[in-house]
Amino acid sequence: MLEEKDDNLQDAEGKLEEQSTTDHTEETIDEVENETEVESENEVETTEIETETEVETEATVEAETIAEVESEVETTVESEVENAVEAETETTETTEEVVEEAEQTMEEHQEAVNEVSDNVAEDAEDESANARHEIPVLDYHSMTKDELVDELEKLVRNEKVQAIKEHVDGIKSEFNQKFNEILEQRKEEFLAEGGNIIDFHFSLPIKGRFNVAYNEYRSKRNEYYKNLEKDLHANLERRLALIEELKGLLNVEENINTTYKHFKQIQEDWRNAGSIPKTQYNNVWRTYHHHIERFYDFLHLNRDLRDLDFKRNYEEKQKIVARAEELAQEDNVMHAFRELQNLHRLWKEDIGPVAKDLREEIWNRFSAATKSIHDRRQDYFKNIDKIYEQNLIVKEEIITKINEISAGKYNVHNQWQNKIKEIEKLREAFFNAGKVPLKVNEQTWAKFKQAVREFNANKNAFYKTLKKEQQDNLAKKMQLIELAESLKENDDWTATTPKMKKVQADWKKIGHVPKKISDKVWKQFKNACNHYFDRLHAQKNAASAEENEALVKKEALLAEMEVFQLSNDVQENIETIKKRIATWKAIGRVPYNKKNIDNKFNKVVDGLFNQLNIDKQESELIKYSNRLENLDQGKINSERIFIRRKIDEIAAEIRQLENNLQFFSNSSSNSPMLKKVHQDIEKHKKALNTWKAKLQQLRSL
């Protein structure tokens, strides 16, 4: 019965309970058999005495009576044997069903316990295993590159390096995936612009931060595992020495209380002995547990100490079972499973055995709670597959939307910018949608990358064309800048101001230039324009006082000219008028709203020349020279064009008149018509000379 129990414990605890208790059980059975043999010998002696008395008393019994008894016994035995066979057959069938059901239940319990036990053994080399399970594994798939690096830096800085491998691997995988996506996108843009693949280089500041944090993690990890093997073997030797020390307690001759205190100290040292190689974990624990039970059996000499320890262990195991039963009801099944592993570790490492009559009951409760959590964990993984399938549907819808956007036709910058924002939102939604079934993970990721790649290819093609247009616009704007720079120091305000205004108007008609140089170009153009117009405004402000002063002087000179009386000396009068004209010109400009004073002066001068008996052409040229003073650059250009046109017209008239003379070849020189033609030719030649003289005056300005 005890051996069968040991087999059940091995199945239920999955190498968590020590099989070596079989040796102890056999010793216990031997003791029970020895006691039974002694009792049997005593009973035999008593029976022999009673038998001798009965023989003497019943010596007179007849042989026939004996024969009848033998016959009845034989008949009864045959009947009972037949009934027993039938009952045994029925009982066997029922028993087989019960046994089969029990075995199935035990197998299910064993599967659950074994899974937990395997996890406990896997963590045997890591004292921080419990802490590792308490570090939350975040949804790295939905995190940005910056968030991933922040989390990596925090883990490397604050947690034990052996406790974060799962976390770091997850962060690394997601970061590389996201960075490589951008890398491929930038590579495509580089090649689309005509770059050579061997010249391509791309990095981001966040990539540098990631590399620094990950290299620090690797250095710490390598240093940890470099020292780990040495520490594990030292701890193993320490635990084996404690087992030998524990075995020695059974042979020591000393006060039982002293031995018990020594035993408790060994237990305490065992708890603090540190991690050992996981390949040795189960064997070492079984050996230790076996000798613990041997020691408790040794304590039968002092049952009070043993029972007290059994009671304390039973209370602690009840707490563990109660906590396991609470965990079986917890919503977060993954957290429950991780804590369950710790409970199994406590059960094995920190708490000793309980009384034999309670062991099966307390263990069955614990294994039942373990089975419940195990089943819920299996259901969780089944449900998570359904969640992953839903995530897959969401991600496929996102990929479809990206393909639809990619297939659209967009002709202006703003449209593309809006679509780029939409794609970015869809990318975020894709990463936030969660994981998909592992079997389609790579395929889904490839479809997503292809959809984004096609959009980027279309975008790059548009901006490649746009970039060429911007380069053309840049060339046009640089020409305007060059023109503005050439005009900004010009003091001919009348001629330059319209040109500068036209330059500004032309600038507004030109489209965008490359963004990286846009501000620089605009600043250069604006500075040239501002420089000119600042000078213009400063000149106007300075000239206003001078113009008012000039107005006063011209008003005084005009008053003198209006009362001027001509003398009898014509040449003297001409010289005086010319000096007054020169004085008028030297005074300078007057305020714009007072420019009519120049016209008044010209009329007075014209009136004086009309009173003089001088050559008409000379008078005309003197008056014309006076009027030129009031012409701005724009009017001077128009005047030049007008005079040239007049010269061409008069020259054409002269040629026509000279051609007409051929019709008078036979006419008398006294012919009135012929004289009229000659007079017209002479008149036009004088006018032609006058206009040519005016043109010469214009050129001298």
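The values are calculated or read from the model by the stated rules, or taken from the named source; none is laboratory data. It should be emphasised that the depicted structure is a prediction, and the values quoted were computed from it without experimental measurement. Note that each Cβ is placed from the backbone with ideal geometry, even for glycine, and that neighbours are counted across all protein chains shown. Keep in mind that these areas ignore ligands, DNA and RNA; they rest on the heavy atoms of the full protein, side chains included. Shrake-Rupley method; radii C 1.70, N 1.55, O 1.52, S 1.80 Å.
Before moving on, here are some points about what is shown:
- Scanning region 202-213 finds one or more residues that are under 24 Å from the mean Cα position of the chain (by Cα), among the charged types (D, E, K, R), crowded, with 16+ Cβ neighbours inside 10 Å and over 30 Å from ASN313 (Cβ atoms).
- Test: GLU216 is farther than 21 Å from LYS160 by Cβ and either in contact with a Lys or Arg (Cβ under 8 Å, 6 or more places away or on another chain) or touching a residue at least 24 places away in the same chain (Cβ under 8 Å) (or both): no
- The set of residues in region 510-520 being free of Cβ contacts under 8 Å to residues at least 40 places away in the same chain and either open to solvent by 40 Å² or more (accessible area, probe 1.4 Å) or assigned to a helix (DSSP H, G or I) (or both) consists of LYS515, LYS516, SER518, ASP519, LYS520.
- Restricting attention to region 393-444, the residues being of a type in the set (A, V, I, L, M) and farther than 19 Å from PHE455 by Cα number 6.
- Filtered residues of region 567-609 (kept if modelled with pLDDT under 85, closer than 17 Å to SER625 by Cβ, in contact with a Lys or Arg (Cβ under 7 Å, 6 or more places away or on another chain) and among the β-branched types (Val, Ile, Thr)): VAL605
A quick yes/no check of all residues on (1) in a loop (DSSP other than H, G, I, E, B); (2) over 20 Å from ASN272 (Cβ atoms); (3) open to solvent by 40 Å² or more (accessible area, probe 1.4 Å):
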site	(1), (2), (3)
ASN313	no, no, no
GLU325	no, yes, yes
ALA336	no, yes, no
LEU340	no, yes, no
HIS344	no, no, no
GLU361	no, yes, yes
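- Count - residues of region 340-360 that are without any contact (Cβ under 8 Å) to a residue 40 or more places away in the chain and within 15 Å of ALA324 (Cα to Cα): 2
- Among residues of region 472-494 that are under 13 Å from VAL513 (Cα atoms), those with a Cβ under 7 angstrom from a residue that is among the small types (Gly, Ala, Ser) and modelled with pLDDT under 90, sequence gap 6+ or separate chain, pair up as ASN473/GLY511.
- Residues located in region 662-684, provided they are among the basic types (Lys, Arg) and either surrounded by 14 or more Cβ atoms within 10 Å (Cβ to Cβ) or modelled with pLDDT under 80 (or both): LYS675, LYS683
- Conditions (1) at pLDDT 85 or above; (2) under 52 Å from the mean Cα position of the chain (by Cα); number of the one not met by ARG312: (2)
Conditions tested, residue by residue: (1) surrounded by fewer than 13 Cβ atoms within 10 Å (Cβ to Cβ); (2) among the aromatic types (Phe, Trp, Tyr).
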position: ALA495; (1), (2): no, no
position: LYS508; (1), (2): yes, no
position: TRP522; (1), (2): no, yes
position: ASP534; (1), (2): yes, no
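Let's see how each residue does on (1) at pLDDT below 85; (2) open to solvent by 50 Å² or more (accessible area, probe 1.4 Å); (3) over 47 Å from the mean Cα position of the chain (by Cα):
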residue	(1), (2), (3)
PHE263	yes, no, yes
ILE266	no, no, yes
HIS289	yes, no, yes
ILE292	yes, no, yes
GLN318	no, yes, yes
VAL321	no, no, no
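- Long-range neighbours under 9 Å by Cβ, at least six apart or interchain, first residue within 26 Å of GLU424 (Cα to Cα) and in contact (Cβ under 8 Å) with a residue 24 or more places away in the chain within region 139-158, second of a type in the set (Phe, Trp, Tyr) and open to solvent by 20 Å² or more (accessible area, probe 1.4 Å): LEU152/TYR214
- Checking region 433-446 against the condition returns a match, with at least one residue being free of Cβ contacts under 8 Å to residues at least 12 places away in the same chain, under 20 Å from ARG186 (Cα atoms), open to solvent by 30 Å² or more (accessible area, probe 1.4 Å) and in a helix (DSSP H, G or I).
So that you can scan it fast, the table gives a plain yes or no per residue for (1) in contact with a Leu (Cβ under 7 Å, 6 or more places away or on another chain); (2) closer than 20 Å to GLU442 by Cα; (3) surrounded by 15 or more Cβ atoms within 10 Å (Cβ to Cβ):
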| position | (1), (2), (3) |
| --- | --- |
| GLN162 | no, no, yes |
| PHE175 | yes, yes, yes |
| ILE182 | no, yes, no |
| GLY194 | no, no, no |
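- Scanning region 479-491 for residues that are open to solvent by 30 Å² or more (accessible area, probe 1.4 Å), more than 24 Å from ASN637 (Cβ to Cβ) and of a type outside the set (S, T, N, Q) turns up nothing.
- Where helices (runs of 4 or more DSSP H) sit wholly within region 186-304, those with at least 2 residues that are closer than 30 Å to GLY170 by Cα occupy 205-248, 278-298.
- Number of residues in region 454-486 that are of a type in the set (Lys, Arg) and touching a helix residue (DSSP H, G or I) at 6+ places or on another chain (Cβ under 7 Å): the value is 3.
- Residue in region 536-559 that is in contact (Cβ under 8 Å) with a residue 40 or more places away in the chain and within 30 Å of ILE393 (Cβ to Cβ) present: no
- Exclusive hit being within 22 Å of GLU620 (Cα to Cα) and either of a type in the set (Asp, Glu) or outside any helix (DSSP H, G or I) (or both), set GLU549, GLU572: GLU572
- Test: residue in region 153-171 that is outside any helix (DSSP H, G or I) and within 30 Å of TYR288 (Cβ to Cβ): yes
- Number of positions in region 559-579 that are in contact with a helix residue (DSSP H, G or I) (Cβ under 6 Å, 6 or more places away or on another chain) and buried (at least 16 other Cβ atoms within 10 Å of the Cβ): 2
- Test for ARG303: is it open to solvent by 70 Å² or more (accessible area, probe 1.4 Å) and either touching a residue at least 24 places away in the same chain (Cβ under 8 Å) or under 17 Å from ARG239 (Cβ atoms) (or both): no
- Residues that are of a type in the set (Ser, Thr, Tyr) and more than 22 Å from ASP297 (Cβ to Cβ), drawn from region 221-265: TYR224, TYR225
- In region 346-354, the condition of being farther than 30 Å from THR258 by Cβ and under 42 Å from the mean Cα position of the chain (by Cα) is met by no residue.
- When LEU628 is tested against (1) buried (at least 16 other Cβ atoms within 10 Å of the Cβ); (2) modelled with pLDDT of 80 or more, just one condition goes unmet, and that condition is (2).
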